[in-house]
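Undergrad: Can you keep this structure in mind? I'll have questions shortly.
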Amino acid sequence: MDRDWMRQRLDEFDQLTGEYWSVRLGKGDTSELRKRLFESEPTVLKILRRLDPLFSEAEVLTDDEWAGLAIHSNQIQRAIGVLTDMDEWAVRLAPDAPSLTADQFHPWVWDAARTFWESKHYRASVHAAATSINAHLQDKLGRRDLSDAKLIQEALSDKDPEPGKPRLRIPGDQKDTGVQTRQRGALQLGQGAYSALRNPAAHETRDLTEQEALEQLATFSVLARLIHACNVVT
């Protein structure tokens, strides 16, 4: 909605109503003002009905000039009040929403990202978090020959471990379908996070917004918790 335009048209109509009453009470000729009021009526009605269903039955002018103008003068003031406070309503009356606390992310993520975050280098903070997870995963598996998405693929593969290729396993009965599903999900999450988030953070120059970076750090925090909880099988 173009609120500035709506407010302008309501203000103009309110002023016109005031002029009408001034001339009317002074026993002057109201024919020109009355004509302008009727011309403004359709737009003002559209605005009122767009603002609030309570105005849907509003009538600007009737055959009884006094009743019509008196009623609608009040409605115009209410509508201006709606426009004035509408933005504040959106903030003050919005349902409480959960918020992410960055320092509660997994330590592999937040400890690495914090310095960049505090200096508002959001893309770099995501890259640092991804690099940190990679380093911890290499340490957990004792591997330095692979990194990032390829390391994730090898680590969470459902293949049996091989010499020099230990695997990560989600805790639980490996024959349980729920555990198997989580294992596949962890693999897919890890590959997706490195391909869709880490790679752009490493190679692109456009910085992220604070909200984008926070969401991406949250994704890596989920991945870090999964990897941290996994058992190493050799």
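The values are calculated or read from the model by the stated rules, or taken from the named source; none is laboratory data. The model shown is predicted, which means the values in this text are computed figures rather than measured ones. Because the Cβ atoms are built from the backbone with ideal geometry, glycine has one as well, and the counts that use them run over all protein chains shown. Note: accessible area is taken over every heavy atom of the protein model, side chains too, but ligands, DNA and RNA are not part of it. Shrake-Rupley method; radii C 1.70, N 1.55, O 1.52, S 1.80 Å.
Undergrad: Return the distance in nm (one decimal) between the two label points of a simple spin-label model at ARG143 and ASP85, each offset 7 Å from Cα along Cα→Cβ.
TA: Distance between label points: 6.2 nm.
Undergrad: Among PRO42, VAL233, ALA218, pick out the residue whose Cα is farthest towards the positive end of the charge dipole of the chain, where Lys and Arg carry +1 and Asp and Glu carry -1 on C-beta, about the Cα centre.
TA: VAL233
Undergrad: Arrange the residues LYS35, LYS175 by how much accessible surface each exposes, largest first, with a 1.4 angstrom probe.
TA: LYS175, LYS35
Undergrad: Roughly how many whole Å is it from the C-alpha centroid of the stretch 80-126 to that of the stretch 1-36?
TA: 45 Å
Undergrad: Counting only protein chains, not ligands or nucleic acids, how are HIS228, HIS136, HIS203 ordered by accessible area (probe 1.4 Å), most first?
TA: HIS203, HIS228, HIS136
Undergrad: Could you rank LYS150, LYS165 by how accessible they are, 1.4 Å probe, largest area first?
TA: If we order LYS150, LYS165 from most to least accessible, we get LYS150, LYS165.
Undergrad: Calculate, in nm to one decimal, what SER31 and THR43 gain on full extension: separation in residues at 0.36 nm each, minus their alpha carbon distance.
TA: Stretched out fully, the SER31 to THR43 stretch lengthens by 2.3 nm.
Undergrad: Also, I was wondering about something else. Could you run the Karplus curve 6.51 cos²θ - 1.76 cosθ + 1.60 with θ = phi - 60° over the stretch 99-111 and give me ³J(HN,Hα) per residue in whole Hz, x for Gly and Pro?
TA: Coupling constants for the stretch 99-111: 10, 8, 9, 4, 6, 9, 5, 4, x, 4, 8, 6, 4 Hz.
Undergrad: With axes computed from alpha carbons, what is the tilt in degrees of helix 3-25 against the longest principal axis of the chain, rounded to the nearest 10 within 0 to 90?
TA: With rounding to tens, the tilt is 20 degrees.
Undergrad: Between ALA196 and VAL232, how high is the FRET efficiency from 1/(1 + (r/R0)^6) when r is the Cβ-Cβ distance and R₀ = 30 Å? Nearest 0.05.
TA: Computed FRET efficiency for ALA196 and VAL232 comes out at 0.70.
Undergrad: Next up: How much of the accessible area of the chain, probe 1.4 Å, is carbon plus sulfur, in whole percent?
TA: Looking at the chain in its full context, I get 50 percent from C and S.
Undergrad: How long is the gain from GLU212 to SER22 if the chain were fully straight, where each residue apart is worth 0.36 nm and the alpha carbon distance is subtracted?
TA: Extra length from GLU212 to SER22 when fully extended: 62.7 nm.
Undergrad: Using the heavy atoms of the protein chains and a 1.4 angstrom probe, tell me the accessible area per residue for the stretch 86-234 in square angstrom.
TA: Normalised by residue count, the accessible surface of the stretch 86-234 is 59 Å².
Undergrad: Could I ask something else about it? Using the Cβ atoms and a cut-off under 14 Å, what net charge is assigned to the surroundings of ALA102, where Lys and Arg are +1 and Asp and Glu are -1?
TA: -4
Undergrad: Also, I was wondering about something else. Under a straight-distance cross-link criterion of Cα-Cα below 17 Å, which lysines are reachable from LYS159, leaving out those fewer than 8 residues away in the same chain?
TA: Partners found: LYS150, LYS175.
Undergrad: Same structure again: Please check the chain for the longest run free of GluC sites (Glu not before Pro) that are loop-located per DSSP (anything but H, G, I, E, B) and have at most 12 other Cβ atoms within 10 Å.
TA: So the longest stretch without any such site is 60-203.
Undergrad: Additional query: If you bin every alpha carbon distance in the chain into 5 Å steps from zero, what whole percent lands in each bin?
TA: 1, 6, 11, 12, 9, 7, 6, 4, 4, 5, 5, 6, 6, 6, 5, 3, 2, 1, 1, 0, 0
Undergrad: What is the spin-label model distance, in nm, from GLU162 to LYS120 if the labels are put 7 Å beyond Cα along the C-beta direction?
TA: Calculated label separation equals 5.0 nm.
Undergrad: Exactly which trypsin sites (Lys or Arg not before Pro) in the stretch 111-143 are in a DSSP loop and have at most 13 other Cβ atoms within 10 Å?
TA: Counting only loop positions with at most 13 other Cβ atoms within 10 Å, the trypsin sites (Lys or Arg not before Pro) in the stretch 111-143 are LYS120.
Undergrad: I've got another one for you. For the chain, take the longest principal axis of its alpha carbons; what is the angle in degrees between that and the long axis of helix 31-51, to the nearest 10 within 0 to 90?
TA: 20 degrees
Undergrad: When N counts the residues of the stretch 105-221, how does its alpha-carbon radius of gyration compare numerically with 2.2 N^0.38 Å, as a ratio?
TA: Normalised Rg, Cα atoms only: 1.12.
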